[in-house]
1. Considering the range 15-31 alone, what residues qualify as being in a helix (DSSP H, G or I) and either in contact with a helix residue (DSSP H, G or I) (Cβ under 8 Å, 6 or more places away or on another chain) or not assigned by TED's automatic domain parsing to the domain that holds residue 170 (or both)?
2. Going through the range 32-55 one residue at a time, which ones are surrounded by fewer than 17 Cβ atoms within 10 Å (Cβ to Cβ), within 10 Å of the ligand (Cβ to nearest atom) and closer than 17 Å to residue 84 by Cα?
3. Based on what the data block shows, is residue 145 within 26 Å of residue 53 (Cβ to Cβ), within 15 Å of the ligand (Cβ to nearest atom), loosely packed, with under 12 Cβ neighbours inside 10 Å and free of Cβ contacts under 8 Å to residues at least 24 places away in the same chain?
4. Within the range 13-29, which residues are under 24 Å from residue 122 (Cα atoms) and within 12 Å of the ligand (Cβ to nearest atom)?
5. What are the pairs with Cβ atoms under 7 angstrom where one residue, in the range 3-20, is more than 11 Å from residue 112 (Cα to Cα) and the other, located anywhere, is of a type in the set (Val, Ile, Thr) and within 13 Å of the ligand (Cβ to nearest atom)? Sequence gap at least six, or different chains.
6. If I filter the range 10-31 down to residues being surrounded by 20 or more Cβ atoms within 10 Å (Cβ to Cβ) and farther than 19 Å from residue 79 by Cβ, which single residue comes out as modelled with the highest pLDDT?
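The values are calculated or read from the model by the stated rules, or taken from the named source; none is laboratory data. In this text, all values refer to a predicted model and were calculated from it rather than measured experimentally. For neighbour counting, all protein chains shown are included, and Cβ atoms are generated from backbone atoms with ideal geometry for every residue, glycine included.
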Amino acid sequence: MRLILLGPPGAGKGTQAQHLVAKYGLVQLSTGDMLRTAVKAGTPIGRQAQDIMAQGALVPDDVVVSIVEQRIEQPDARKGFILDGFPRTEPQAEALDRMLAKHGLALDAVIELKVDEVALIRRIESRIAEMTARGETLRPDDNPELLHRRLAAYRAQTEPLIAYYQRHGMLRTVDGMAPIPDVARQIEQALSGSEALARPAPAAKAKPRAVAKKAGKIGKKSKTQRKTSRNPAQTARRRPAAKRRPNAKPEVGAKARRRNRRR
Ligand code: AMP
């Protein structure tokens with residue numbers, strides 16, 4: 001399974017990613033963590049990212065795209081991964097599409113953690129105050145002023161990705177303001193929903209129509225009508241006719257029997 005967690009800083013992406021790691025055995029790929037590690041190690045990428053991160057701005061697209069590409073090629077990412085904090089811009093999302101296609105991979109879903117910004121700011125400010133009171137170490141970007149800048153960057157550069165993934169039919173939105181276990185449950189439901197969409201409709205679903213037909217409430221539809229009235233989500237997943245043909249019913253007529261005898 002390959003997922004993206006989308007949401008502003010402080011929405012709980014990291015917490016939910018950890019839950020998904022435990023539940024599905026995926027790896028969490030957090031570009032923020034990767035960049036912080038690079039900064040600590042003083043690598044060229046770290047040196048390039050340090051000041052940008054300290055200002056609450058976004059690191060250039062090509063830098064994050066290259067670290068993500070290297071990371072998804074690692075053996076532990078083969079089982080699947082959760083992208084946390086990436087993509088953050090439309091060019092990053094397009095680069096991810098190309099990268100996945102190149103590796104023959106596809107995304108399963110994009111989970112948007114929808115939050116109320118005012119409540120989110122209050123929540124983060126009180127968390128920072130509590131941590132400070134307990135004498136705990138804060139992350140360098142855990143300060144209210146920087147948070148406002150990071151939120152502004154999210155609104156301007158990352159929020160358009162909601163529409164991007166909606167257009168691609170990948171977006172699942174959950175209420176990020178709910179208690180943590182409830183958000184985790186919503187995410188699980190959203191994911192089981194996407195699996196259900198990929199499965200063919202169960203035969204039992206046809207029953208109400210069969211009953212109605214027997215009762216004379218609906219007439220027989222033409223083949224074209226049946227095709228066009230299907231659920232669009234299922235129609236989109238139908239293989240094109242050319243690909244289905246090899247699995248089509250075998251020929252059974254006298255002509256076919258004669259041909260088989262000759263082979
Ligand atoms: P995060 O821990 O995800 O909030 O990221 C911390 C900081 O790392 C961000 O404020 C950005 O400066 C930088 N960063 C993380 N991910 C990205 C990304 N995908 N694109 C650009 N900058 C990023």
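1. Scanning the range 15-31 gives 15, 16, 19, 20, 23, 31.
2. Result: 33, single match.
3. Yes: the conditions hold for residue 145.
4. 13, 14, 17
5. Partner pairs satisfying both residue conditions: 10/124; 17/82; 20/82.
6. The selected residue is 31.
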